[in-house]
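J.: Below is one structure. I have some questions about it.
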Amino acid sequence: MKWSQLLKMVGREPFFHSSLLKSGPVSMVDLGKQLSRWVKAGSLIQIRRGLYAFSNEHGQTRPHPFALANQMKKASYVSLQSAMAYYQLIPEYVAQVTSITTGRPETVSNPLGDYIFKHVKRELFFGFQSIEMVKSQSIFIARPEKALLDLVYLTVKTDLPKYLRELRLQNTNVLKGDILREFADRSGSPKLRRAAPLILAHLEDRQGQ
């Protein structure tokens, strides 16, 4: 495959899977070698096996980090501090992108960033929505209530009231009490069912200040 052919096929995409390049009598071995050469030359960035993006000099559309996270592990959604920062629930900038998955947990680092995938059981894999972050790049991200509950669920041995104070929650008007209670009940997690009234009491205190 020539570079001009690659640009014609996927040049406008923020990222692409090598499987999209299978057209006609294409040898996947030869294609893999050519992609590796372009990566070594700095024309392409390998995000993970089979997933690529164009370098700054060659790409027409920059990939959004959340969209990349979704692509890196299909059964996943952005959550925890990453989603909370997106909703401006916490004041800190979050460099890593953290996602929830029913697959195996892992941390992936590539030239475009660091990505953390946290495992939960299937019963907890809900409470996310699709949002268009930038043009033509829609992502799955936890609703604000689920992002907070995911964080509480995966944080072990914590004094919850103290932990909530340390989070320095802000913009709490985006959190809906009825949805938070619904999600906690739906989770089937005793921990989250116990946590829900404590979280709501904390939010009421914050709003009364």
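J.: Is there any pair with a first residue in the range 2-24 that is under 22 Å from Phe66 (Cβ atoms) and outside the structural domain of Gln137 (by TED's automatic domain parsing) and a second that is among the charged types (D, E, K, R) and surrounded by 12 or more Cβ atoms within 10 Å (Cβ to Cβ) whose Cβ atoms are under 8 Å apart and which are 6 or more apart or on different chains, and what are they?
T.: Pro14/Arg62
J.: Can you name the number of the only condition in (1) part of a helix (DSSP H, G or I); (2) more than 24 Å from the chain's Cα centre (by Cα) that Val152 fails?
T.: In the conditions (1) part of a helix (DSSP H, G or I); (2) more than 24 Å from the chain's Cα centre (by Cα), Val152 misses (2) alone.
J.: Would you mention how many residues in the range 180-205 are of a type outside the set (A, V, I, L, M, F, W, C), part of a helix (DSSP H, G or I) and more than 18 Å from Asp159 (Cα to Cα)? Let's see the steps before the verdict.
T.: Our first condition is that a residue be of a type outside the set (A, V, I, L, M, F, W, C); within the range 180-205, this holds for 181-182, 185-191, 193-194, 197, 202, 204-205.
Retained after the next criterion (residues that are part of a helix (DSSP H, G or I)): 181-182, 185-187, 190-191, 193-194, 197, 202, 204-205.
Adding the requirement that they be more than 18 Å from Asp159 (Cα to Cα) leaves 181-182, 185-187, 204.
Final tally of qualifying residues: 6.
J.: Right, next: Would a scan of the range 142-153 turn up a residue that is closer than 20 Å to Ala69 by Cα, surrounded by fewer than 21 Cβ atoms within 10 Å (Cβ to Cβ) and either of a type in the set (A, V, I, L, M, F, W, C) or at pLDDT 95 or above (or both)?
T.: No, the conditions are met nowhere in the range 142-153.
J.: Quick one: count up the residues across the range 144-179 that are free of Cβ contacts under 8 Å to residues at least 24 places away in the same chain and hydroxyl-bearing (Ser, Thr, Tyr).
T.: Residues flagged as free of Cβ contacts under 8 Å to residues at least 24 places away in the same chain and hydroxyl-bearing (Ser, Thr, Tyr) within the range 144-179 amount to 3.
J.: In addition: Look at the range 83-98 and say how many of its residues are closer than 19 Å to Leu51 by Cβ and out of contact with any Lys or Arg (no Cβ under 7 Å at 6 or more places or on another chain). Quick ask: steps written out before the conclusion?
T.: The initial filter retains those residues of the range 83-98 that are closer than 19 Å to Leu51 by Cβ, namely 96-98.
Remaining after also requiring out of contact with any Lys or Arg (no Cβ under 7 Å at 6 or more places or on another chain): 96-97.
Counting residues in the range 83-98 that are closer than 19 Å to Leu51 by Cβ and out of contact with any Lys or Arg (no Cβ under 7 Å at 6 or more places or on another chain) gives 2.
J.: Would you call Ser109 buried (at least 18 other Cβ atoms within 10 Å of the Cβ) and outside any loop (DSSP other than H, G, I, E, B)?
T.: no
J.: Pairs under 9 Å by beta carbon, first residue under 20 Å from Pro161 (Cβ atoms) and without any contact (Cβ under 8 Å) to a residue 12 or more places away in the chain in the range 180-193, partner of a type in the set (Gly, Ala, Ser) and assigned to a helix (DSSP H, G or I), six or more apart or different chains?
T.: Here the result reads Arg193/Ala184; Arg193/Ser187, each pair linking the range 180-193 to a residue that is of a type in the set (Gly, Ala, Ser) and assigned to a helix (DSSP H, G or I).
J.: All but one of (1) part of a loop (DSSP other than H, G, I, E, B); (2) surrounded by 15 or more Cβ atoms within 10 Å (Cβ to Cβ) hold for Ser99; state the number of the condition that does not hold.
T.: Looking at each condition in turn, Ser99 falls short on (1).
The values are calculated or read from the model by the stated rules, or taken from the named source; none is laboratory data. Please read all numbers here as calculations on a predicted model, not as lab measurements. Counting neighbours? That spans all protein chains shown, and the Cβs are built from the backbone with ideal geometry, glycine included.
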